[in-house]
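Asker: Please see the structure below; I have some questions.
The values are calculated or read from the model by the stated rules, or taken from the named source; none is laboratory data. A quick note: this is a predicted structure, and the numbers were derived from the prediction, not measured. Cβ placement follows ideal geometry from the backbone for every residue including glycine, while neighbour counts extend to all protein chains displayed.
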Amino acid sequence: MTTLAEIEENFALFDDWDGRYDYLIELGRSLPPFPEAERTDANLVRGCQSRVWLVCRLDNGRLRLAIDSDALIVRGLAAIVLAAYDGKTPQEALELDTLALFERLGLLAHLSPTRGNGLRAMIERIRECARAAIADANR
């Protein structure tokens, strides 16, 4: 899996948005396979124009994510979200400012409002998972 540092370095290599969009699509194609059994309504992220499935589990105190979409650009955004959150502790996930990352990459300014809303919905779903894991640990 590509790291956030690699993603940021690679985005900086492109002078134009055509190259960045091509790289975003390439990132989406590199997503790990999503389990067919997890393509359920319960795992759909609400607020996304395209279909996005997200599974968030806690494994040895770390968030483990599986994510997929039926849209190429959104798959690329999901790959960045996965690189940002997968393997983080719930507390680390809550402290992460992913929108600032997307701002640094210049993506927020180049996303349609509906894609931006979908990105925020993915992030909020992961944050909900992290909050639930913390609440469960404190019981």
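Asker: Among the listed residues L27, L82, L108, which satisfies the condition of being within 24 Å of I134 (Cβ to Cβ) and surrounded by 13 or more Cβ atoms within 10 Å (Cβ to Cβ)?
Answerer: L82
Asker: Just checking, which of D68, D136 is farther than 18 Å from T3 by Cβ, over 14 Å from the mean Cα position of the chain (by Cα) and either among the acidic types (D, E) or surrounded by 13 or more Cβ atoms within 10 Å (Cβ to Cβ) (or both)?
Answerer: Numbers: D68 fails: over 14 Å from the mean Cα position of the chain (by Cα).
The conditions single out D136.
Asker: Closer than 28 Å to I134 by Cα and either of a type outside the set (S, T, N, Q) or surrounded by 17 or more Cβ atoms within 10 Å (Cβ to Cβ) (or both), is that true of A12?
Answerer: Here the answer is no, as A12 does not meet what is asked.
Asker: Could you grab me the full set of residues in region 9-51 that are over 24 Å from E103 (Cβ atoms) and in a loop (DSSP other than H, G, I, E, B)?
Answerer: Within region 9-51, P32, P33, F34, P35, R39, T40, R51 meet the criteria.
Asker: Quick check on my filter: what residues within region 108-135 are at pLDDT 90 or above, touching a Leu at 6+ places or on another chain (Cβ under 8 Å) and more than 15 Å from C48 (Cβ to Cβ)?
Answerer: Correct list: R127, C129, A130, R131, A133, I134.
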